[in-house]
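Would you mind keeping the following structure in view while I ask a few things?
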Amino acid sequence: MDLHIDVAWILQVAEAAGADDPAPDDYGVPVSAVARHRAELFEQPVYDGPYAKAAALVHTLGRCRWLERSNLAVAAATGVMYLDAAGISVKPAREDAVALKDLLLDPACTAGRIAVLLRTWPTTT
């Protein structure tokens with residue numbers, strides 16, 4: 001499934017998971033996240049498959065400051081909800097969420113490393 005989301009979808013996730021954050025400080029970040037997960041080069045997707053696309057969203061939303069206090073929570077929720085919308089229902093445990101937070105805070109964090117981590121999250125049936 002080739003699922004693409006839009007800025008309104010990200011803003012809905014931010015509203016639900018954003019710990020009552022005020023309006024975003026920088027709307028360019030969710031706009032960039034949407035463009036990034038849809039990116040193509042020579043008519044081939046840059047991020048192929050739901051885990052890679054979710055990781056691109058999580059990386060952009062989690063590494064770029066755009067919310068006052070809930071970037072990491074919204075980034076994680078976006079990844080979970082994107083995968084769910086793509087037909088992969090994940091149920092990360094607390095240690096999975098902590099591992100994602102730690103990875104996002106690591107300066108060496110990449111979308112590829114996030115995709116590897118997301119693939120380890122338990123799925124529900």
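I need to check one value: relative contact order of the chain, counting alpha carbon pairs closer than 8 Å and at least 6 residues apart, in percent.
Over the chain, the number comes to 27 percent.
Do any chymotrypsin sites (Phe, Trp or Tyr not before Pro) in region 32-68 lie in a DSSP loop with no more than 16 other beta carbon atoms within 10 Å, and if so, which? If you can, show how the numbers build up before the last one.
On the way: sites: Phe42, Tyr47, Tyr51, Trp66; in loops: Phe42, Tyr47, Trp66.
Here the chymotrypsin sites (Phe, Trp or Tyr not before Pro) that fit, given the DSSP loop and packing criteria, are Phe42.
In addition: Arranged by the count of other C-beta atoms within 10 angstrom, fewest first, what order do Leu104, Leu61, Leu41, Leu118 take?
Ranked by crowding around the Cβ, least crowded first: Leu41, Leu104, Leu118, Leu61.
Once both labels are modelled 7 Å past Cα along the beta-carbon direction, what's the Thr124-Ala39 spacing in nm?
3.2
Where Lys and Arg each count +1 and Asp and Glu each count -1, what net charge lies around His37 among other residues with Cβ under 13 Å from its Cβ?
For residues surrounding His37, the net value is -1.
At what distance in nm do the modelled label points of Ala97 and Val31 sit from each other, each positioned 7 Å from its Cα along Cα→Cβ?
Between Ala97 and Val31, the simple spin-label model gives 3.1 nm.
Going by C-beta contacts inside 10 Å, put Glu43, Glu15, Glu68 in order with the fewest on the left. Intermediate values should be presented prior to the final figure.
On the way: Glu43 5, Glu15 11, Glu68 14.
Fewest-to-most ranking of Glu43, Glu15, Glu68: Glu43, Glu15, Glu68.
Could you tell me what % of all Cα pairs in the chain have separations over 24 Å?
19
So how much slack lies between Ser89 and Val116, counting 0.36 nm per residue of separation and subtracting their Cα-Cα distance, in nm? All intermediate terms of the calculation are to be shown ahead of the outcome.
Numbers: separation 27, 0.36 × 27 = 9.72 nm, distance 1.62 nm.
That pair, Ser89 and Val116, stretches by 8.1 nm at full extension.
Treating only the Cβ atoms of Lys and Arg (+1) and Asp and Glu (-1) as charged, compute the dipole magnitude of region 7-120 about its Cα centre; round to the nearest 20 debye. Intermediate results must be reported in sequence, preceding the final value.
Details: 11 positive and 14 negative charges, 52 e Å.
The calculated dipole for region 7-120 is roughly 240 debye.
Read-outs throughout are calculated quantities, based only on the coordinates presented, and are distinct from any laboratory measurement. Predicted model only: the values in this text are computed from it and were never measured. Cβ: placed from backbone, ideal geometry, glycine included. Neighbour counts: every protein chain shown.
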